[in-house]
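Asks: Handing you this structure, nothing more for now.
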Amino acid sequence: MQKGVPQIMDITSIKSVLHDLSEEVLPSRFETAQQPEPNIIQFCLRGINSQTWIEVSWNSDSARILKIKRPEKTGTESTLSKQLRYGLKYMALVTIEQDKFERVIKFGFAKKPRHEINKYLVFELMGKHSNIFYLDNNQKIIAVGKQINSNQSSFRIVSTGSIYSEPPTNMKKEPNSNESYEAWKESISSVPESLKYCLINTYQGVSPILTKQLETFSNLESLEIMNKNIDFISETNLKKVYQSWKIWINRFNSNNFNFSIFDNFFYSVWFLKNEINNKNNVDQIDGLENYYNFYLKQRKIDALIKKIDGIIFKQKNLEKKNFKLQSDLLINSENYQIYKEKADKIFTTHEIQKQDIIKGQKLYKKSKKLKRAQNLIKERIDIYKNKLDRLEEFSALLDNLNSLKNENPTIRINLLEEIKTEICREFNVRIKNMREQKRNSSGLESSPIEINTPKGLTVQIGRNMRQNDLISFKFSKKGDLWFHAQESPGSHVVLKSSCQNPSDEDIQISADLAALFSKAKMNIKVPISLVKIKDLQKITKGGPGCVSFNNVEILWGNPTRGKDYIKKNLKGVI
C-alpha cells in the first residue's frame, strides 16, 4: 500500500459494491457498452425508473467494479463493446453471483426475468490475473479482455472459442466469526511471519489493506502491530485485533457496509460512522466512485507529465546533436579561403605539372563548395535553434501546468493531452498508441484561463500552443493588448482592452500574470513585452503560437503579485 497509488479493491469492497448493485439493478435490461481504455469496460443497465452505469477494470494494479455517473461517449467502436452490444441487446440481467471470499463475479443474462440464463459476463478481479469473459450458456468464451496462451500460464489457456474454466481453488482457511481466540491464534502462529502476512497467508479474503484497517480499528496503528512478529505482540493487543477481526467477518457476512476515508488517504467500507473520525457523510457508491476517479486521474496526470518530459528531453538531445553537427560544419566551411590560397600557390609556381593542375582544381572546387555551403549551413543552424527554442516553450507550458496543483483533474488531463499532441505533430514524433491518441483528440478542447482585472476587463492566458494562437489572433480584436515575457518562453497573455481603455493597474496585473506564466516565474521581476494586437503578426511556418511584432514597450512583471492575484480571483486553480 502506497500513498499516491489508488487502494486496490479487495474482497470486502467488491462485496459492498455488489450488495448495493443487486438491490438496484436486479432485474434490469442491458442497453449499451463502451470501452474507453484498453482494460476498462463501461455498460449501461436500465431498470424500471432509472439507468445504472457500471465500470469494470481489469488493470493489474487497479482492478475494480464501480457504479459510475453517466460517462462521456467514447470507445464505442472497440471489438469487445460491439460484441457486448450485439450479443446482450434487449437481454435482462437476472443474477449477480459472487462466492464468499472469491473475487470472481458472474452476471447472468436471460431474454426475460425468470427465463433460463443463456449469456454470462464474468469478472475476475484478482490483481495481475484480472480479466473479463463474455460466455454463452455452454460456458464457451465469446469474447475475453486479454487472451492467455500456454507460455503465459501453465494452469489454463484463455482464448475465444475455448471453454471457460474457474481460477484455481483458494486452499486457505475461510474466516469464521465462531472460531475461538485460541484456535485463531494457533492458525496464524503456524506461519513464522509478521502478523500482517500471518493473516494474509492463512485466511481467504485478507488483503494488505484489510490488515491496515484492522490495525486502525483496534487503535494500534501507532504501534505498527501488523509489522511485528506474533511472538513480540502482547496478549492484550492480539486480543484487540481478534475482536476487530470478528467484527469485520460479521459485517462482511451481514452486508453491513459504510464508506469512510481513514489515515487521510485509504478508505474502508466496514467502519461505521461512529467508529472513525469522518466528518463527511458520503454515500458508499459515490464515495468509491469519487475516490477512484480522483486518484486514477491523478495517476494519469503524473504519467502524462512523465511522458511529455521524456519526449521533450529526447527531442532536445536530438536537436542539440544536429545543431552541434551543423556548427562544426560551419567552422569547417570558414576554411574555404585557406583552400583557395593553397590552389593559388600551386598555380603561381614556375614549374607546374599535370598532377599539380589536378590537385589545384580539386582545391578550388572544395573552396567553392565550402563557400556555397555556408549559407545553407547557417539556415540549418537557425532551424535547429528555433526548434530548441520551441522545445523550451513547450517545457515552460508544462511547467506552468505542474504549478497549478488544485486545478480540475479532467481539465489538466485535456491540456496535457493537447500539449503532447502538439509536440508530436510539430516534431513528427511517432505515437505508439494511435487508437488512444485518436480517442483523446476527439474529446472536448480545453479553454484558456480567463480572469477579470480590478477594473473589470478580461485577461486571457494561453495554456498550450493552440490556445496561445487563438487568444493572440482569432479571439483578439483591434485595441487589445498582448503580453509576453521578454526572451523567456511562456504563455501568451491578452488584455481585452478593445471595449474600454485599461487603467495602469489593469496593464500591470496583465504583466504580472505574463511573468507568472513564464519560465522566469522564479525571478523577483521579469521584463515583459507589451504589444498592441495590431502590431502582432503570425509566423506562418513557425507553428502555432509563433509571432513577430513591432513597436514593443517593456514593462516589469512581478510573478509573486500575479500568483496572489490568481489565488484571490480564480478559486481552485492554485
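The values are calculated or read from the model by the stated rules, or taken from the named source; none is laboratory data. Small disclaimer: the values here were computed from a predicted structure and weren't measured. So basically every Cβ, Gly included, is an ideal-geometry build from the backbone, and we count neighbours across all protein chains shown.
Asks: From (1) in contact (Cβ under 8 Å) with a residue 60 or more places away in the chain; (2) closer than 17 Å to residue 42 by Cβ, pick out the condition that doesn't hold for residue 90.
Replies: (2)
Asks: Please go through the range 178-209 and give me each residue that is over 19 Å from residue 231 (Cβ atoms), surrounded by 14 or more Cβ atoms within 10 Å (Cβ to Cβ) and more than 40 Å from the chain's Cα centre (by Cα), ordered by number.
Replies: 179
Asks: Return the residue satisfying two criteria in turn: it lies in the range 127-145 and is within 28 Å of the chain's Cα centre (by Cα) and at pLDDT 90 or above, and of such residues it is surrounded by the fewest Cβ atoms within 10 Å (Cβ to Cβ).
Replies: Just the residues of the range 127-145 that are within 28 Å of the chain's Cα centre (by Cα), to begin with: 127-133, 143-145.
Of the ones still in play, those that are also at pLDDT 90 or above are 130-133, 143-145.
Numbers: 130: 22, 131: 20, 132: 23, 133: 20, 143: 17, 144: 21, 145: 21.
Among residues in the range 127-145 that are within 28 Å of the chain's Cα centre (by Cα) and at pLDDT 90 or above, the one surrounded by the fewest Cβ atoms within 10 Å (Cβ to Cβ) is 143.
Asks: Would the range 205-225 turn up any residue that is of a type in the set (Ser, Thr, Tyr), in contact with an Asp or Glu (Cβ under 6 Å, 6 or more places away or on another chain) and within 19 Å of residue 174 (Cβ to Cβ)? Can you show your working first?
Replies: Here is the first cut: in the range 205-225, the residues of a type in the set (Ser, Thr, Tyr) are 207, 211, 216, 218, 222.
Restricting the remaining residues to those that are in contact with an Asp or Glu (Cβ under 6 Å, 6 or more places away or on another chain) gives 207.
If we keep only those that are within 19 Å of residue 174 (Cβ to Cβ) too, we end up with 207.
Yes, the range 205-225 has at least one match.
Asks: Condition (residue is surrounded by fewer than 17 Cβ atoms within 10 Å (Cβ to Cβ), among the small types (Gly, Ala, Ser) and within 27 Å of the chain's Cα centre (by Cα)) applied to the range 44-56: is it met by at least one residue? Don't jump to the end; show me each part of the working.
Replies: The first filter runs over the range 44-56 and keeps only residues surrounded by fewer than 17 Cβ atoms within 10 Å (Cβ to Cβ), leaving 46-51.
Subsequent filtering for residues that are among the small types (Gly, Ala, Ser) retains 47, 50.
Next cut, within 27 Å of the chain's Cα centre (by Cα) only: none.
No, the range 44-56 contains no residue that is surrounded by fewer than 17 Cβ atoms within 10 Å (Cβ to Cβ), among the small types (Gly, Ala, Ser) and within 27 Å of the chain's Cα centre (by Cα).
Asks: Does the range 503-519 contain at least one residue that is among the basic types (Lys, Arg), at pLDDT below 95 and crowded, with 21+ Cβ neighbours inside 10 Å? Spell out the reasoning first.
Replies: Just the residues of the range 503-519 that are among the basic types (Lys, Arg), to begin with: 519.
Narrowing the set further to residues that are at pLDDT below 95 leaves 519.
Among the residues that remain, those that are also crowded, with 21+ Cβ neighbours inside 10 Å are: none.
No, every residue in the range 503-519 fails to be among the basic types (Lys, Arg), at pLDDT below 95 and crowded, with 21+ Cβ neighbours inside 10 Å.
Asks: Checking the conditions here, which among 526, 552 is hydrophobic (A, V, I, L, M, F, W, C) and within 36 Å of the chain's Cα centre (by Cα)?
Replies: Values: 552 fails: within 36 Å of the chain's Cα centre (by Cα).
The match here is 526.
Asks: Right, another one. Inside the range 160-172, can you point out the residues that are more than 17 Å from residue 130 (Cβ to Cβ) and either in contact with an Asp or Glu (Cβ under 9 Å, 6 or more places away or on another chain) or part of a loop (DSSP other than H, G, I, E, B) (or both)? Give the derivation first.
Replies: Kept after step one, since they are more than 17 Å from residue 130 (Cβ to Cβ), are these residues of the range 160-172: 160-163, 169, 171-172.
Of everything in the range 160-172, those that are more than 17 Å from residue 130 (Cβ to Cβ) and either in contact with an Asp or Glu (Cβ under 9 Å, 6 or more places away or on another chain) or part of a loop (DSSP other than H, G, I, E, B) (or both) turn out to be 160, 161, 162, 169, 171, 172.
Asks: Of everything in the range 222-240, what is farther than 10 Å from residue 195 by Cα, crowded, with 16+ Cβ neighbours inside 10 Å and in contact with a helix residue (DSSP H, G or I) (Cβ under 7 Å, 6 or more places away or on another chain)? Give them in sequence order.
Replies: Once the filter is applied, which keeps residues that are farther than 10 Å from residue 195 by Cα, crowded, with 16+ Cβ neighbours inside 10 Å and in contact with a helix residue (DSSP H, G or I) (Cβ under 7 Å, 6 or more places away or on another chain), the range 222-240 yields only 237.
Asks: I've got another one for you. Looking only at the range 517-574, which residues are under 22 Å from residue 453 (Cα atoms), touching a strand residue (DSSP E or B) at 6+ places or on another chain (Cβ under 7 Å) and not hydrophobic (A, V, I, L, M, F, W, C)?
Replies: Once the filter is applied, which keeps residues that are under 22 Å from residue 453 (Cα atoms), touching a strand residue (DSSP E or B) at 6+ places or on another chain (Cβ under 7 Å) and not hydrophobic (A, V, I, L, M, F, W, C), the range 517-574 yields 518, 525, 527, 529, 532, 553, 557, 559, 569.
Asks: For the range 223-239, check the following and say yes or no: at least one residue is assigned to a helix (DSSP H, G or I), acidic (Asp, Glu) and under 27 Å from residue 288 (Cβ atoms). Full working, then the answer.
Replies: Here is the first cut: in the range 223-239, the residues assigned to a helix (DSSP H, G or I) are 223, 225-227, 230-232, 235-239.
Keeping just the survivors that are acidic (Asp, Glu) gives 231, 235.
Then drop every residue that is not under 27 Å from residue 288 (Cβ atoms), which leaves none.
Taking every residue of the range 223-239 in turn, none turns out to be assigned to a helix (DSSP H, G or I), acidic (Asp, Glu) and under 27 Å from residue 288 (Cβ atoms).
Asks: Then there is this: Whether any residue in the range 102-112 is at pLDDT 90 or above, surrounded by fewer than 18 Cβ atoms within 10 Å (Cβ to Cβ), aliphatic (A, V, I, L, M) and not in a loop (DSSP other than H, G, I, E, B) is what I want to check.
Replies: yes
Asks: Here is a further query. For the structure I just gave you, tell me whether residue 40 is in contact with a Leu (Cβ under 9 Å, 6 or more places away or on another chain) and outside the structural domain of residue 264 (by TED's automatic domain parsing).
Replies: Working: in contact with a Leu (Cβ under 9 Å, 6 or more places away or on another chain): no; outside the structural domain of residue 264 (by TED's automatic domain parsing): yes.
The answer is no for residue 40.
Asks: Which one of these is touching a residue at least 60 places away in the same chain (Cβ under 8 Å), under 30 Å from residue 271 (Cα atoms) and surrounded by fewer than 17 Cβ atoms within 10 Å (Cβ to Cβ): 6, 27?
Replies: Working: 6 fails: surrounded by fewer than 17 Cβ atoms within 10 Å (Cβ to Cβ).
Of the residues listed, the single one that is touching a residue at least 60 places away in the same chain (Cβ under 8 Å), under 30 Å from residue 271 (Cα atoms) and surrounded by fewer than 17 Cβ atoms within 10 Å (Cβ to Cβ) is 27.
Asks: Could you please let me know if residue 265 is surrounded by fewer than 16 Cβ atoms within 10 Å (Cβ to Cβ), in contact with a Pro (Cβ under 8 Å, 6 or more places away or on another chain) and touching a residue at least 60 places away in the same chain (Cβ under 8 Å)? Before the answer, list the steps.
Replies: Numbers: surrounded by fewer than 16 Cβ atoms within 10 Å (Cβ to Cβ): yes; in contact with a Pro (Cβ under 8 Å, 6 or more places away or on another chain): no; touching a residue at least 60 places away in the same chain (Cβ under 8 Å): yes.
So residue 265 fails the test.
Asks: Filter the range 108-125 for residues that are under 15 Å from residue 30 (Cβ atoms), out of contact with any Lys or Arg (no Cβ under 9 Å at 6 or more places or on another chain) and not aliphatic (A, V, I, L, M) and give the result.
Replies: Those that are under 15 Å from residue 30 (Cβ atoms), out of contact with any Lys or Arg (no Cβ under 9 Å at 6 or more places or on another chain) and not aliphatic (A, V, I, L, M): 111, 112, 113, 115, 119.
Asks: Further question on the same structure: Would you mind stating whether residue 224 is over 33 Å from the mean Cα position of the chain (by Cα) and either in the same structural domain as residue 33 (by TED's automatic domain parsing) or among the charged types (D, E, K, R) (or both)?
Replies: Details: over 33 Å from the mean Cα position of the chain (by Cα): no; either in the same structural domain as residue 33 (by TED's automatic domain parsing) or among the charged types (D, E, K, R) (or both): yes.
Against the criterion (over 33 Å from the mean Cα position of the chain (by Cα) and either in the same structural domain as residue 33 (by TED's automatic domain parsing) or among the charged types (D, E, K, R) (or both)), residue 224 does not qualify.
Asks: Still on this structure, please answer the following. Does the range 382-404 hold any residues that are of a type in the set (A, V, I, L, M, F, W, C), buried (at least 18 other Cβ atoms within 10 Å of the Cβ) and part of a helix (DSSP H, G or I), and which are they?
Replies: If we filter the range 382-404 for residues that are of a type in the set (A, V, I, L, M, F, W, C), which is where we start, we get 383, 388, 391, 394, 396-398, 401, 404.
Restricting the remaining residues to those that are buried (at least 18 other Cβ atoms within 10 Å of the Cβ) gives 391, 394, 396-398, 401, 404.
Those that are of a type in the set (A, V, I, L, M, F, W, C), buried (at least 18 other Cβ atoms within 10 Å of the Cβ) and part of a helix (DSSP H, G or I): 391, 394, 396, 397, 398, 401.
Asks: Give the residues of the range 504-529 that are of a type in the set (A, V, I, L, M, F, W, C) and out of contact with any helix residue (DSSP H, G or I) (no Cβ under 7 Å at 6 or more places or on another chain), sorted by residue number. Lay out the reasoning, then the answer.
Replies: Just the residues of the range 504-529 that are of a type in the set (A, V, I, L, M, F, W, C), to begin with: 507, 509, 511, 513-517, 520, 522, 524, 526, 528.
Answer for the range 504-529, where residues must be of a type in the set (A, V, I, L, M, F, W, C) and out of contact with any helix residue (DSSP H, G or I) (no Cβ under 7 Å at 6 or more places or on another chain): 507, 511, 514, 520, 522, 524.
Asks: Being over 21 Å from residue 173 (Cβ atoms) and in contact (Cβ under 8 Å) with a residue 24 or more places away in the chain is the filter here; which residues of the range 226-244 pass it?
Replies: Hits for the range 226-244 are 227, 228.
Asks: Moving on to the next point. Looking only at the range 461-476, count every residue that is farther than 18 Å from residue 555 by Cβ and touching a helix residue (DSSP H, G or I) at 6+ places or on another chain (Cβ under 7 Å) and tell me the total.
Replies: Summing the residues that are farther than 18 Å from residue 555 by Cβ and touching a helix residue (DSSP H, G or I) at 6+ places or on another chain (Cβ under 7 Å) in the range 461-476 gives 6.
Asks: Let me ask another. Are any residues in the range 429-453 within 30 Å of residue 482 (Cα to Cα) and either modelled with pLDDT under 90 or surrounded by 14 or more Cβ atoms within 10 Å (Cβ to Cβ) (or both), and if so, which ones?
Replies: If the condition is that a residue be within 30 Å of residue 482 (Cα to Cα) and either modelled with pLDDT under 90 or surrounded by 14 or more Cβ atoms within 10 Å (Cβ to Cβ) (or both), then 441, 443, 444, 445, 446, 447, 448, 449, 451, 452, 453 are the ones that fit.
Asks: Any residue at all in the range 489-507 that is over 12 Å from residue 453 (Cβ atoms) and assigned to a helix (DSSP H, G or I)?
Replies: no
Asks: With the structure loaded, tell me whether residue 411 is at pLDDT 70 or above, β-branched (Val, Ile, Thr) and more than 60 Å from the chain's Cα centre (by Cα) or whether it fails that test.
Replies: Numbers: at pLDDT 70 or above: yes; β-branched (Val, Ile, Thr): yes; more than 60 Å from the chain's Cα centre (by Cα): no.
For residue 411, the condition - at pLDDT 70 or above, β-branched (Val, Ile, Thr) and more than 60 Å from the chain's Cα centre (by Cα) - is not met.
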